[in-house]
1. Cβ-Cβ below 8 Å, separation at least six or inter-chain, first residue in segment 35-53 and over 12 Å from Val93 (Cα atoms), second open to solvent by 50 Å² or more (accessible area, probe 1.4 Å) and part of a helix (DSSP H, G or I): which pairs?
2. Give me the pairs, please: first residue somewhere in segment 70-98 and on the phi > 0 side of the Ramachandran plot, second residue anywhere and surrounded by fewer than 15 Cβ atoms within 10 Å (Cβ to Cβ) and assigned to a loop (DSSP other than H, G, I, E, B), beta-carbon distance under 8 Å, and either six or more positions apart or on two chains.
3. Out of Val96, Val54, I need the residue that is farther than 28 Å from Val31 by Cα, of a type in the set (Val, Ile, Thr) and surrounded by 16 or more Cβ atoms within 10 Å (Cβ to Cβ). Which one?
Amino acid sequence: MIRATVLALATAVGALTILPGCAVTRGQSSVGEYVDDASITTAVKAKFVEARTVDASSISVETLQGEVMLSGFAKNATEKTNAEAIARQVKGVKRVKNEIAIRN
């Protein structure tokens, strides 16, 4: 019983010290920040899918420290502008960098 408890404790301590370091990438300062960025990316993509004015499959979304970067292709300037406006409305977004190219 004691051996199993010690083993479980050692495993938990190991996981708590190793896993957070693995989860934080691309310059985030904490696991929480990484999770927040992933949530923002998911929310922006979901809003694109809901919107009929944006082709969600043609636009990529990346988030780093609350800054959203949009890339990909839009059919026209209106779609590019709509994508940026939608991204700005998502909770937690600090800035939007719009690198969407317009197809000719």
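The values are calculated or read from the model by the stated rules, or taken from the named source; none is laboratory data. This one's a predicted model, so the numbers in the text were calculated from it and none came from an experiment. As a convention, Cβ positions derive from the backbone with ideal geometry for all residues, glycine included, and neighbour counts pool all protein chains shown. Heads up: the accessible areas ignore ligands, DNA and RNA and are worked out on the full protein's heavy atoms, side chains in. Shrake-Rupley method; radii C 1.70, N 1.55, O 1.52, S 1.80 Å.
1. Cβ pairs passing all conditions: Thr53/Thr78.
2. Listed pairs, sorted by first residue: Gly92/Gly66.
3. Values: Val96 fails: farther than 28 Å from Val31 by Cα.
Only one candidate passes the filter, namely Val54.
Conditions (1) at pLDDT 95 or above; (2) over 12 Å from the mean Cα position of the chain (by Cα); (3) among the charged types (D, E, K, R), marked per residue:
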{"residue": "Pro20", "(1), (2), (3)": "no, yes, no"}
{"residue": "Asp36", "(1), (2), (3)": "no, no, yes"}
{"residue": "Phe73", "(1), (2), (3)": "yes, yes, no"}
{"residue": "Glu79", "(1), (2), (3)": "yes, yes, yes"}
{"residue": "Arg103", "(1), (2), (3)": "no, yes, yes"}
